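Please read the structure below before turning to the comments.
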Amino acid sequence: MSDLQAPLRPKRKKGLVDFLVQFRWIFVIFFVLPFSTLYYFLIYLGDVRSEMKSYKQRQKEHDENVLKVVKRLKQRNPKKDGLVCTARKPWIAVGMRNVDYKRARHYEVDLSAFRNILEIDKQRMIARVEPLVNMGQITRVTVPMNLSLAVVAELDDLTVGGLINGYGIEGSSHIYGLFSDTVVAYEIVLADGRVVRATKDNEYSDLFYAIPWSQGTLGFLVAAEIKLIPVKEYMRLTYTPVVGNLQDLAQGYMDSFAPRDGDQDNPEKVPDFVEGMVYSPTEGVFMTGRYASKEEAKKKGNKINNVGWWFKPWFYQHAQTALKKGEFVEYIPTREYYHRHTRCLYWEGKLILPFGDQWWFRFLLGWLMPPKVSLLKATQGESIRNYYHDMHVIQDMLVPLYKVGDALEWVHHEMEIYPIWLCPHRLFKLPVKTMVYPEPGFEQHHRQGDTPYAQMFTDVGVYYAPGPVLRGEVFDGAEAVRKMEQWLIKNNSFQPQYAVSELNEKDFWRMFDADLYEHVRRKYGAVGTFMSVYYKSKKGRKTEKEVQEAEQAHLETAYAEAD
């Protein structure tokens, strides 16, 4: 893309909703933050109580809760009770997509009890956990053991079930892939009440490969066995600034972790963690991390930065200082590094609390951060919710690594959103074609970052108010998302389903592959019991009649037509 000049847009007339959004910080400070802190504390007490139970007791409770789910499913009358969904309230989900499918009448199954770490198996290097276990909970248990999940999503509240059924990524994904790629077994309750354990090489291998990205539409996930890796006490983090045009920034980002000689599996050349932040069309900072021992971190002359303290500068602003002082190195406690973006919700905290990054607020009230995303959603009301959909963007673009520069130029031209988050991940070549997959023949091109068994992709994270909105200009958020989705389809790229989508059904199945998913839905009786993944992701309210008719159409056709 050669023309980066932003299009001229007329000024937008402001209304009451703009006023409510502008001063929403008052409500956040006096209501959302105190209740969020209390909420987090009560959850923490529950987690501690769970950790005090013996393995046998936790396993016994798990088995009893699974039986309750089976019993509930078997009590359902398909002709009267409608489709099945979880009983979790729509506003509890961390993602910004409105869970409108739950506004229709559905047969609810309560999974709220499934939030226990069942076992940490040091011999097999496996963590067996229930789906509502979140990242903060599991790192609190594993990191003191010098163990960790291979992929740990940054925000504390993100759950195992959400990261498996939806989309999970971290700075180690350039080695291990997406969160679902680190799972070795799923325990699933199928539509008919059967409880099965699916692995990549047992009789349920097709189900194993179909679960990721399925949004819980193939059965109820009640436990997962996830790969553990050994870790050290600190992360040695190098901050490298890069200045140039967007293509230069993309190349600097690629060079930070992808050797140009193609030696992508050499641990001497490839860091343990990678992350990039593009702050403007000409400036970016790229961070590479390697695990380091306590002894190394505390050597004379080394700087230790406890970024987890409430009074510390927000991480993305701290990283930005490299643009002025040049490349530097510091040591961050491993668990604090994992959750470096939690306190300020990446940079969304700046929109929620415009002065939240000021030193006086951090010292006085920073310990109350972050606000609980579910409480923000539960208290925003319909008008504010629609405002955010129109005037705010929270999207991830999963693009092949060699197209990152093009994606950055597209975002600048159409949305003008900064900072932009960059995080690489491998997309593995699997025995079957799953919903997301590498480009056909990628291994023949020998592009930077690729290997014969995986193509390197990158998450281009676009989270903030667009430039036109900040300038008070007209901006059509829905149209911008539609354009983004078409760009992704054209460029063999993907959109995570947690985000607000404007895709129609035909385009949805142009972006994702339907074959394995639809085959598994029929084989295991999900059709007519669980809503299809497209209708679960579709924007807007859905009636029971609309969904039932759509499910009937799926029963009568092989699968949704795709180009």
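Of note:
- Sparsely packed trypsin sites (Lys or Arg not before Pro) within region 237-323, loop by DSSP, other Cβ within 10 Å at most 11: Arg260, Lys299, Lys300, Lys303
- DSSP bridge pairs, the chain: antiparallel proportion in percent, nearest 5: 95
- Separation between Cα centres of region 51-85 and region 347-365, rounded to whole Å: 42
- Residue order for Val21, Val195, Val28 - accessible surface, 1.4 angstrom probe, largest first: Val195, Val21, Val28
- The helix-based estimate of mean residue ellipticity at 222 nm for the chain, built from -39,500 (n - 2.57) per DSSP H run of four or more residues and divided by its residue count, is -9500 deg cm²/dmol to the nearest 500.
- The distance from the alpha carbon centre of region 18-40 to that of region 429-443 is 44 Å, rounded to a whole number.
- Hydrodynamic radius of region 62-230 per Kirkwood, over alpha carbon pairs, in Å: 16.5
- Computed with a 1.4 Å probe over protein heavy atoms only, the accessible area of Leu132 comes to about 40 Å².
- For Leu427, solvent-accessible area (1.4 Å; no DNA, RNA or ligand), Å²: 10
- Accessible surface of the chain, 1.4 Å probe: 55 percent of it comes from carbon and sulfur atoms.
- Centroid-to-centroid separation of region 368-396 and region 173-233 [C-alpha atoms, Å]: 30
- Ordering Ile226, Ile175 by accessible surface, largest first, gives Ile175, Ile226; the 1.4 Å probe counts only protein heavy atoms, with every chain in place.
- Accessible-area value, Val129, 1.4 Å probe, nucleic acids and ligands omitted, Å²: 0
- Pairs of Cα atoms nearer than 8 Å and 6+ residues apart set the relative contact order; for the chain it is 19 percent.
- Antiparallel DSSP beta bridges within region 125-223, percent to nearest 5: 100
- DSSP-loop chymotrypsin sites (Phe, Trp or Tyr not before Pro) across region 271-312, with at most 16 other Cβ within 10 angstrom: Trp309, Trp310, Phe311
- Counted over the chain with a bin width of 20 Å, the fraction of Cα pairs per bin, in whole percents, is 20, 58, 21, 0.
- Computed over protein heavy atoms with a 1.4 angstrom probe, the accessible surface ordering of Trp359, Trp25, largest first, is Trp359, Trp25.
- Dipole check for region 263-353: with +1 at the C-beta of Lys and Arg, -1 at the C-beta of Asp and Glu, and the Cα centre as origin, the magnitude is about 560 Debye.
- Loop-resident chymotrypsin sites (Phe, Trp or Tyr not before Pro) (DSSP state other than H, G, I, E or B) in region 389-488 with no more than 16 further Cβ atoms inside 10 Å of their Cβ: Tyr453.
- Cubic angstrom per residue, convex hull over Cα atoms of region 390-500: 94
- For the chain, the longest site-free run once GluC sites (Glu not before Pro) in DSSP loop states with at most 13 other Cβ atoms within 10 Å are removed: 328-560
The values are calculated or read from the model by the stated rules, or taken from the named source; none is laboratory data. Just so you know, these numbers come straight off a predicted model, no measurement behind them. Methodologically, a virtual Cβ is constructed for each residue, glycine included, from the backbone with ideal geometry; neighbour enumeration extends over all protein chains shown. With ligands, DNA and RNA removed, areas are computed over all heavy atoms of the protein, side chains included. Shrake-Rupley method; radii C 1.70, N 1.55, O 1.52, S 1.80 Å.
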